Amino acid sequence: MPMSKSNATSAEPHVARKRFGQNFLHDPGLIARIIDAIGPQPSDRLVEIGPGQAAITAPLIAAAGHVHAIEIDRDLAARLHERFTSAQLTIDQQDVLRVDFHGLSARLGGKLRIVGNLPYNISSPILFHLLDAADVIVDQHVMLQKEVVDRMVADCGSKIYGRLSVMLQARYRMVRCLLVPPGAFHPAPKVDSAVIRMVPLATDQVRVNDWPIFSAVVALAFSQRRKMLRNTLAGYADALDWQSLGISPTQRAEEVSVEKFIALANYVASLPSASEGGQRIEPGLA
Ligand code: SAM
């Protein structure tokens, strides 16, 4: 990533950078409600994605004592360095998509609580990156475009039910916490936002046997959502016992529940070709 031209003089106001999805929260009432929803505690290992100008960071530090923050913008990182002590804030100046959350959890000595008013331009990649680390995460409270939150929690059969809904519902319990209007930010985005709480399911509640295969099956099925499964999953159609799975090969992906997708992917994972690697669905497709 090219280095940005500096506007780091703390005497001057920071100019919001569109390419980093910078929309800063400024509504104190709303910030207080977000902090309430998070319920930070001194024993937490709080990790904030994109602290920006510390709208959420400062009250998190006040409640919990310390925050580990990941911020890509070096000017904002420099300002945060000036404003907080290292006992209050650790700043990791880098792209969150490159952060190894397993390594971070090991360094901090336990599971993480993730917080973030996410840059909307890369919110789905961030969600998928965090999904890979769900086993070292206690919970995550993230602000996203309301439209994305709606897709995350969408029910099977709805027009907005898709890959994001299936992948996340298979791994998290999700609850919408707050609706946030554009006026709560500066600059104001064009769309409504929402805060969602995501709690990874306990290990014994996770039914997926092989995540790369699950991810690849779901991606294939939704690659052409109007097509029947017997076409999108053509390579496996003959090997699948559709009847025992309770799925019809003429159904479309949007008609298949999360539970049935899990059963379908577990069935694919149990096929000899999956373990031999012969016809293994390429995880790279996911
Ligand atoms: N938390 C602040 C708030 O609520 O006012 C800022 C939120 S702003 C929507 C998103 C923040 O994420 C910005 O500070 C931006 O610089 C940072 N950011 C954008 N892309 C990032 C990335 N790939 N890795 C880490 N931080 C990123």
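The values are calculated or read from the model by the stated rules, or taken from the named source; none is laboratory data. Given the structure is predicted, the values throughout are model-derived calculations rather than measurements. A quick note on method: Cβ atoms are made from the backbone with ideal geometry, for glycine too, and the neighbour counts reach across all protein chains shown. In case anyone asks, the SASA skips ligands and DNA or RNA and just uses the protein heavy atoms, side chains included. Shrake-Rupley method; radii C 1.70, N 1.55, O 1.52, S 1.80 Å.
List of remarks:
- Accessible-area composition of the chain, carbon plus sulfur, in percent [1.4 Å probe]: 52
- Cα-based Lys pair tally, the chain, threshold under 20 Å, eight or more apart or on separate chains: 8
- Accessible surface, per residue, of the chain when the full set of protein chains is kept, probe 1.4 Å, Å²: 47
- Farthest towards the positive end of the charge dipole of the chain, among the residues A69, L229, L131, is the Cα of L229, using unit charges on the Cβ of Lys, Arg, Asp and Glu.
- Length released on extending from A237 to R83, taking residue separation times 0.36 nm less the Cα-Cα span: 49.5 nm
- Note on the chain: antiparallel DSSP beta bridges, both residues inside, total approximately 50 percent of the bridges counted.
- Projecting the Cα atoms of P51, V15, M167 onto the charge dipole of the chain, computed from C-beta unit charges around the Cα centre, puts V15 farthest toward the positive end.
- Helix 258-270 and the longest principal axis of the C-alpha atoms of the chain enclose an angle of approximately 60°.
- Whole-number percent relative contact order across the stretch 18-205, with pairs defined as alpha carbons under 8 Å at least 6 apart: 22
- Taking the longest Cα principal axis of the chain as reference, the axis of helix 211-223 is set at about 80 degrees.
- The Rg/Rh ratio for the stretch 12-101 is 0.94, where Rg is the radius of gyration of the alpha carbons and Rh is the Kirkwood radius.
- Spread over its residues, the convex hull of the C-alpha atoms of the stretch 211-277 is 77 Å³ per residue.
- Across all directions, the average flat footprint of the convex hull enclosing the Cα atoms of the stretch 77-141 is 4.9 nm².
- Over all other residues within a Cβ to Cβ distance under 14 Å of G110, the charged ones net out to +1, with Lys and Arg as +1 and Asp and Glu as -1.
- Distance between the stretch 154-195 and the stretch 199-223 - C-alpha centres, whole angstrom: 20
- Cα gyration tensor category, rounded, prolate or oblate, for the chain with a/c compared to 1.5: prolate
- Placing unit charges on the Cβ atoms only, positive for Lys and Arg and negative for Asp and Glu, gives the chain a dipole magnitude near 540 debye about its Cα centre.
- Degrees separating the helix 74-83 axis from the principal Cα axis of the chain, which is the longest one: 50
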